[in-house]
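A.B. asks: For reference, the structure I am asking about is given below.
No lab work stands behind these numbers, since they all come straight from the coordinates. Because the structure is a prediction, the values reported are computed rather than measured. We place every Cβ from the backbone using ideal geometry, glycine too, and count neighbours over all the protein chains shown.
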Amino acid sequence: MFGRIIIFTMFTNTSKLCQMERNSATLVPSLPLEAMEHFFKSYTTVEAQSLLWRWFVLSIRNEFRELSTDEMQRFADFFDQLQNLVIAAHAIQQSERHAEHLEMKA
């Protein structure tokens, strides 16, 4: 039950970037880069990989109940920033596809 609460919290926790994407047809160009910078300032590659691996193992074993409140908050924060990173990567990819499409028309 406790594990389900953290997952629900993670999925319902919306961020500024998510709200911007939902409320606007296009993102301000600096937002994807800001999200990427924020993520990589917060987590080294090793920390991110470690958190992802731990999250995976906890999910497979259904051991979220064993997490402390601080650990759950850390996972929730990580998930929120990871979600922003995915949105940022998608926005950049879409922007590049749009630019390529415009070049092909020219």
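A.B. asks: Calculate the spin-label point distance for residue 66 paired with residue 50, positioning each point 7 Å from the Cα along the beta-carbon direction, and give it in nanometres.
C.D. replies: 1.7
A.B. asks: What number, in percent, do you get for the relative contact order of segment 26-106 if the mean sequence gap of Cα pairs under 8 Å and at least 6 apart is divided by its residue count? Could you put the intermediate results ahead of the total?
C.D. replies: Details: 23 pairs, mean separation 47.3, N = 81.
Averaging sequence separation for qualifying contacts and normalising by length gives 58 percent for segment 26-106.
A.B. asks: Give the peptides 75-87, 55-67 in descending order of average Cβ contacts within 10 Å, highest first.
C.D. replies: Top to bottom by mean Cβ count within 10 Å: 75-87, 55-67.
A.B. asks: Continuing with this model, one more query. Go through segment 96-104 residue by residue and turn each phi into a ³J(HN,Hα) via Karplus (6.51, -1.76, 1.60, θ = phi - 60°); whole Hz please, and just put x for glycine and proline.
C.D. replies: Running phi through 6.51 cos²θ - 1.76 cosθ + 1.60 with θ = phi - 60° gives 5, 5, 5, 5, 4, 5, 5, 5, 5 Hz.
A.B. asks: Determine ³J(HN,Hα), in whole Hz, for all residues of segment 34-40 in sequence, where each value follows from phi through the Karplus function 6.51 cos²θ - 1.76 cosθ + 1.60 and θ = phi - 60°; x replaces Gly and Pro.
C.D. replies: 4, 5, 5, 4, 4, 4, 6
A.B. asks: Kindly write out, for segment 81-95 in residue order, the coupling ³J(HN,Hα) from the Karplus curve 6.51 cos²θ - 1.76 cosθ + 1.60 (θ = phi - 60°), rounded to whole Hz, with x marking Gly and Pro.
C.D. replies: Going residue by residue, I get 5, 5, 4, 4, 5, 5, 4, 5, 4, 5, 4, 5, 4, 5, 4 Hz, with x marking Gly and Pro.
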